[in-house]
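What follows is a short report on a single structure.
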Amino acid sequence: MSCAHSREVLALFIEDDLPTVQAERVRHHVNACRNCQQICQQLQKSQSFIKARLKSPFYVSPSPELLNAVRQTVLSQIQDERQTLGWGVKIERALTLAFRKHGYAVAVVAILVIISASLLGQMRHSLSETHGRPAAVFESKNMLLRPERYREWVFVGSSIGLEYSVSHEMPTSSTPDSFHNVYVNPAAYKEYAKTGAFPEGTVMVLERVRSEIKKEPGLHGIYEKEFIALEASVKDSSRFQGGWGFFDFTDQDGKVKAKTQALSDGSCRSCHEERAETDHVFTQFYPVLRSARMES
Amino acid sequence: MEHEPNSTAMIQSAFLMSRSPDAEPLPETLEIAALVRRTLSGDSAAFECVILRYERRVVTLAMKLLGTREDAQDAAQEVFLRAYKYLHRLDLQKPMEPWLMRMTVNVCKNISRKRQRRLNTFSESETPEAFPADKSCDPYTEILEGQERQMLWKALNSLPERERIAVTLRDIEGLSTAEVAAILESSESTVRSQVSRARVRMKDAIDQMMGGEK
């Protein structure tokens with residue numbers, strides 16, 4: 001033990017506050033060290049002085065008047081306190097007391113309440129689309145309103161200039177075509193992942209985005225520039241022949257319309273019928289949908 | 001003047017009871033448990049019995065920690081109101097006293113901090129009342145001891161809060177390190193460290209006040 005750092009240890013030693021093993025070590029040192037002996041004596045002196053002056057029986061006990069004042073004040077305030085206990089404390093108290101009386105029964109009820117609340121939350125989440133506003137909203141038989149907040153849906157994939165063509169020649173243009181970003185409504189995604197079939201009410205949204213080539217020193221590649229078109233397909237067997245309707249929300253000026261009629265020329269439908277892998281949907285090009293099926 | 005020579009023994013017995021969870025609760029603990037149950041079902045008279053049982057301990061500890069009757073009274077009132085509010089949290093298998101002591105320390109800390117802010121703002125002078133002179137001795141000794149107590153109070157009050165509370169509980173209340181640790185919800189080694197530093201600081205302060213001796 002270093003004498004230079006021992007005053008605090010000695011302050012414990014003189015009052016028997018050190019653990020036995022450490023106390024023995026200190027005692028051994030103090031017996032051989034005059035400096036520490038002197039410090040111990042000084043500390044003992046100050047401790048004795050403090051105790052003699054401040055310890056019982058020299059402190060004054062509180063007077064009966066003081067105690068009575070405390071008691072009366074508390075008892076009078078308790079009446080108000082009972083009414084002003086917050087809801088948190090009231091619920092905590094009720095649960096604590098109920099648990100003390102009925103123990104496990106209350107615990108089981110509490111667990112059931114928590115599980116029910118959790119399930120209800122999940123059901124609300126999953127039902128919100130079907131019981132709230134559906135993904136496809138029609139103003140008339142074939143007039144579809146532009147889907148809202150579709151960018152919060154499931155993004156199933158993107159491609160560049162991917163289109164079926166009647167020509168069998170390879171394209172020669174070096175300018176890339178537009179990006180096709182495709183989304184599906186979450187309820188349909190879940191159903192497809194589960195069963196492999198798209199349910200009635202499925203909505204696929206396709207955003208076309210102009211592509212741009214970047215070729216600069218230290219930066220090159222293709223990126224999405226501005227949105228140029230918005231299209232959608234809806235599965236609704238009661239409205240459309242073949243089960244699916246196809247829509248283009250882009251007007252001649254390139255602006256996106258708030259609503260649009262179903263396309264009537266059948267060009268989209270025929271291609272989707274013939275070439276799409278799953279029920280008019282090109283799942284062969286959408287890795288997100290493929291992996292969803294594999295994971296389910 | 002009333003003395004309370006058995007108060008420390010009372011606390012210690014309460015702590016000993018609290019340390020043996022497998023042991024049967026003592027009659028006093030059972031009695032308090034019954035009073036607590038009655039209080040929780042709306043019987044104010046039962047809570048008055050609880051206050052009567054512990055008011056002296058709470059006020060005395062508050063006086064030692066705060067130094068004035070006025071603050072001690074405020075503290076005690078706050079402690080019993082808090083105890084009433086959170087009575088359902090009390091483990092009825094354990095004695096109530098350590099729980100109340102812990103609450104008293106916490107309330108006193110808050111009051112002490114408020115008072116410190118008030119003193120800093122208004123430069124009020126503090127006059128400790130918890131340690132007056134022993135009137136059983138002659139007038140000269142009475143004055144001298146009174147001054148010494150005032151001096152010790154100032155030294156005690158100049159300690160950092162944690163050290164002051166730990167050393168008050170250990171050296172003035174006479175509780176064991178384990179009991180102090182339980183009240184302060186701290187470890188024994190932390191309490192030992194606080195107490196040791198406080199003792200050294202108190203010794204230095206006393207030396208300085210007694211004439212600069214180190």
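Using the average count of surrounding beta-carbon atoms within 10 Å as a protection proxy, the listed peptides B:165-171, B:191-197 rank, highest first, as B:165-171, B:191-197. The B-A contact accounts for approximately 5400 Å² of buried accessible area, totalled over both chains at a 1.4 Å probe radius. Neighbours of A:Lys257 by Cβ distance under 13 Å: Lys/Arg scored +1, Asp/Glu scored -1, total -2.
Summing +1 for each Lys or Arg and -1 for each Asp or Glu, what net charge is found among the other residues whose Cβ lies under 15 Å from the Cβ of A:Ser291? Counting the neighbours of A:Ser291, the net charge comes to +2.
Mind checking which lysines have their C-alpha under 21 Å from A:Lys190, skipping anything on the same chain fewer than 8 residues away? Counting by Cα, and skipping residues close in sequence, A:Lys190 has these lysines nearby: A:Lys235. Label separation (A:Asn142 vs B:Leu92): 7.7 nm, computed from points 7 Å beyond Cα along the C-beta direction.
Per residue of peptide A:61-69, the mean number of Cβ atoms on other chains within 10 Å of the residue Cβ is 6.
Apolar share of the accessible surface for segment A:175-256: 51 percent from carbon plus sulfur atoms, 1.4 Å probe. Note that segment A:200-296 presents 58 Å² accessible area per residue, ligands and nucleic acids not counted, probe 1.4 Å.
In straight Cα distance, which aspartates and glutamates are under 19 Å from A:Lys141, not counting same-chain residues fewer than 8 positions off? The reachable aspartates and glutamates, counting only those whose Cα sits under 19 Å from A:Lys141, are A:Glu200, A:Glu231, A:Asp236, A:Asp248, A:Asp265. What segment B:70-117 shows is 40 Å² of accessible area per residue, with the surface traced by a 1.4 Å probe over protein heavy atoms.
Per residue of B:169-175, other chain Cβ atoms within 10 Å of the residue Cβ number 3 on average. When only Cα pairs below 8 angstrom with a gap of at least 6 residues are kept, segment A:221-296 shows a relative contact order of 18 percent. Straight-line cross-link reach from A:Lys214 at under 18 Å between alpha-carbon atoms covers these lysines, not counting any fewer than eight positions away in the same chain: A:Lys225.
The values are calculated or read from the model by the stated rules, or taken from the named source; none is laboratory data. Worth saying up front: this structure is predicted, and the values here are computed from it rather than measured. Positions of Cβ are backbone-derived with ideal geometry, glycine not excepted, and every protein chain shown enters the neighbour counts. We work out accessible area using only protein heavy atoms, side chains counted, and drop any ligands, DNA or RNA first. Shrake-Rupley method; radii C 1.70, N 1.55, O 1.52, S 1.80 Å.
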